[in-house]
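Engineer: Quick one: this structure, given as structure tokens, is what I'll be asking you about.
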Amino acid sequence: MNKLIFVNRYFSPDHSATSQLLTDLATHLATHLCSKKFQIHVVTSGQIYDDPSARLPNVEMVGGVHVKRVWTSRFGRRHLASRTIDYVTFYVSAAWFLAKLIKFGDIIIVKTDPPLISVVAAAVVRFRGGRLINWIQDLFPEIARALGVPGNKWTDRFLCRLRNFSLHSARYNVVLGNRMAQRLIGNGIRPDTIKVIHNWADSNEISPIDRNVNPLRKSWGLENKFVVGYSGNMGRVHEFETILKAAQILDKVDDIQFIFIGSGAQRAWLGAEVQRRKLKNIFFKPYQPRDGLNLSLNVPDIHLISLLPAMEGLIVPSKFYGIAAVGRPTIYVGDHNGEIPSILKAATCGYIVSIGDSSGLADRVLELSQDLERAKNMGEQARAIFNQQYEKRHAFAAWELLLSQAGNG
């Protein structure tokens, strides 16, 4: 029996978005169609996204999946140098283990954490006679360049060529949206190797809960509030100044409350800014456990998504799928022509405001806070498009078809 081998730095019980998506797909495949054809493996690290000191078993079975956690350094994400060392040690350990694990005909699916792991995997796969599929969550080094990470054009070109080597080597390159697909085509990647499979949410775990019966709203003191939520990673690719200024505008409106749930590179800055500006209408909660995610996503009456316009086509905010699953409207702060805005427009399930348009954002929040029926209708539209296109069964069916084609190719 051939093996289906996933490679990513994080896996269950880690709660980061890409880890949860990988866990969903790998465990599904281990118990459904592909289990008749493949033995499912995951090569990962022993780390937790926001806790590098965590210790997880080196080898275990998770939902029928053979999990191997290779050794890495544990310096964490706080500094570029420490992250780089963690990346390099994962590259070396993963390559060594893959060279022993891969046999002729195996399929290796490589995600994009750490950056350029696909290059390492492509070299090993070619040597061992496997078949490579890249599951692309973001495009590096373009994302680093857009964020202003130190470097020069010669380094960028070299890294792009390395990355493109792995894309050209792959049987398929799975991307998250049409704009990302166009980016790859612009890099000379053959269109027939590019497949769009959206990320997803699970309707069995995440579904609408009436705002008046959600116990978390009561325990967080939000029973009589119109809640504006941001849930997930507060990273460098997101823009928060527009949101903070909108909160300042609405600070005197007693029944409107902003809540940030999660963590990330900008979490400390956000907390400091809320204190400096003396905003009383913003508070923070940490990442919620997966079994509590349904309640926390249902707390807000509307959700915010923010993405720097330069990031369009390089990343797709996966938080949208959970928002749609709980039947809440989205206000997107970013490029009006972005991937998520195209969905919001087509489904009439949210609004888009430009970066810097804090007054426009405040107006949209105020409008929906005064028209709960409109907010409810937009949320129902979000849930409808979720059921039609973004529930996990659609993505799983697309993955099963892709793997069948890859296995026959």
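Engineer: How would you rank 212-223, 9-20, highest first, on the average number of other Cβ atoms within 10 Å across their residues? Provide the component values of the computation, followed by the final result.
Structural biologist: On the way: 212-223: 13.8, 9-20: 21.0.
Result, highest mean first: 9-20, 212-223.
Engineer: Could you list which residues have their amide H under 5 Å from that of V62, counting only those 5 or more apart in sequence or on another chain, with H placed in the peptide plane?
Structural biologist: V67
Engineer: Give, in nm to one decimal, the length gained when the segment between N164 and H32 is fully stretched (0.36 nm per residue of separation minus the Cα-Cα distance).
Structural biologist: Values: separation 132, 0.36 × 132 = 47.52 nm, distance 3.27 nm.
Taking N164 through H32 to full extension adds about 44.2 nm, to one decimal.
Engineer: Taking H as built 1.01 Å from N, whose amide H comes closer than 5 Å to the amide H of K285, not counting residues under 5 places away?
Structural biologist: Sorted by chain and number, the residues that satisfy this are F260, I261, G262.
Engineer: Right, here's the next one. Over its Cα atoms, what ratio of radius of gyration to 2.2 N^0.38 Å does the chain give?
Structural biologist: Against the empirical 2.2 N^0.38 Å value, I get 0.98 for the chain.
Engineer: A follow-up question, please. Tell me the mean residue ellipticity at 222 nm calculated for the chain from its helices only (DSSP H runs of n ≥ 4, each -39500 (n - 2.57), averaged over every residue, nearest 500). Walk me through the numbers before you get to the answer.
Structural biologist: Values: 15 runs with 169 residues, N = 409.
Taking each H run of at least 4 residues, the total per residue is -12500 deg cm²/dmol.
Engineer: Against the empirical 2.2 N^0.38 Å scaling, what ratio does the C-alpha Rg of region 183-237 come to? Could you put the intermediate results ahead of the total?
Structural biologist: Working: Rg = 19.6 Å, N = 55, 2.2 N^0.38 = 10.1 Å.
That works out to 1.94 for region 183-237.
Engineer: Another question about this same structure. Using the count of nearby Cβ atoms within 10 Å as a rough guide to exposure, how do M378, M61 rank from fewest to most? Write out the running numbers ahead of the final one.
Structural biologist: Working: M378 22, M61 10.
With the sparsest Cβ surroundings first, the list reads M61, M378.
Engineer: Starting from the 7 Å offset along Cα-to-Cβ, what nm value, one decimal, do you get for the label separation of R77 and A384?
Structural biologist: In this crude label model, R77 to A384 measures out at 3.7 nm.
Engineer: Under a point spin-label approximation (7 Å from Cα along Cα-to-Cβ), what is the M61-S219 distance to one decimal in nm?
Structural biologist: Inter-label distance under the simple model: 3.4 nm.
Readers should treat all values here as calculations from the given coordinates under stated rules, not as data from a laboratory. Remember, it's a predicted structure, so these values are computed and weren't measured experimentally. Glycine also receives a Cβ, built like all others from the backbone with ideal geometry; neighbour counts cover every protein chain displayed.
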